[in-house]
Amino acid sequence: QEKVQQSPESLIVPEGAMSSLNCTFSNSASQSIWWYQQHPGKGPEALISIFSNGNKKEGRLTVYLNRASLHVSLHIRDSQPSDSAVYLCAVRTNTGKLTFGDGTVLTVKP
Amino acid sequence: DPKIIQKPKYLVAVTGSEKILICEQYLGHNAMYWYRQSAKKPLEFMFSYSYQKLMDNQTASSRFQPQSSKKNHLDLQITALKPDDSATYFCASSQPGTGGAEQFFGPGTRLTVL
């Protein structure tokens, strides 16, 4: 059974700072790793995904994956108050199943 | 226009009753999923369907039965409801196959069982 753990549980950063979120998973053969953003009362929305070791950049987001250490991180450059939300790390298998972590609550203070 | 519709948005039921949660997607996807999110657990996978066929079932209880009447519909029937079933149920869809296909989530149905 895949396990996904996220840290920290909550993170407060000032506007304009870098936000760094971490995730570890249990199965190095997992197909892809996804980061989702969830606002209160809404469904999760996909932000970025990664499959291969290394990093991937999209706009203000950068994700790093190290399969050997079973670790993935998400970095949000120039964080904005509108980025305040719960960030969910998810591991996808070949059946399409996503296994989620508990999430990191990000608060960006103006 | 919403691409994934879930009905109803809120649902209150009594213990022992039966309810059906509706999900329709207008993204042209051939894979659909159900997830559950409660206060006690992270977002949890329940079922996946591809081309209207069950692909994966991680729900131990037979009280939860998905129903796919059309290729863009995947409803969830829950029988003999218990207070522990209280949660927000999310429907999602994607193109089937590779791990690179994004899953899009609906707005959820919040179920409260009294």
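When you restrict to C-alpha pairs under 8 Å that are six or more residues apart and normalise by the size of chain B, the relative contact order lands at 36 percent. Which of the residue pairs B:K19/B:K70; A:K97/B:K70; A:K97/B:K71; B:K3/B:K41; B:K3/B:K40 have a Cα-Cα distance greater than 25 Å in the structure shown? Check vs 25 Å cut-off fails for B:K3/B:K41; B:K3/B:K40.
Restricting segment B:3-75 to GluC sites (Glu not before Pro) that sit in a DSSP loop and have at most 16 other Cβ atoms within 10 Å of their own Cβ leaves B:E18.
Dipole magnitude for segment A:39-110: about 160 debye, using +1 per Lys or Arg Cβ and -1 per Asp or Glu Cβ, origin at the Cα centre. For the protein assembly as shown, the C-alpha radius of gyration sits at 1.02 times the compact-globule guess of 2.2 N^0.38 Å, with N the residue count. Within chain B, the longest run free of trypsin sites (Lys or Arg not before Pro) that sit in a DSSP loop with at most 14 other Cβ atoms within 10 Å is B:72-114. Distance between the modelled labels on A:N94 and A:L11, one decimal in nanometres: 3.2 nm (7 Å Cα→Cβ projection).
Taken residue by residue and averaged, Cβ atoms of other chains lying within 10 Å of the Cβ of A:96-106 number 5. Peptide B:83-91 has a mean of 1 when you count, residue by residue, the C-beta atoms of other protein chains within 10 Å of its C-beta.
With the highest mean first, a sort of the peptides A:28-34, A:44-50 on other beta-carbon atoms found within 10 angstrom per residue produces A:44-50, A:28-34.
Rule-based calculations on the coordinates, nothing more; no lab input. Source: prediction; values computed, not measured. Cβ: placed from backbone, ideal geometry, glycine included. Neighbour counts: every protein chain shown.
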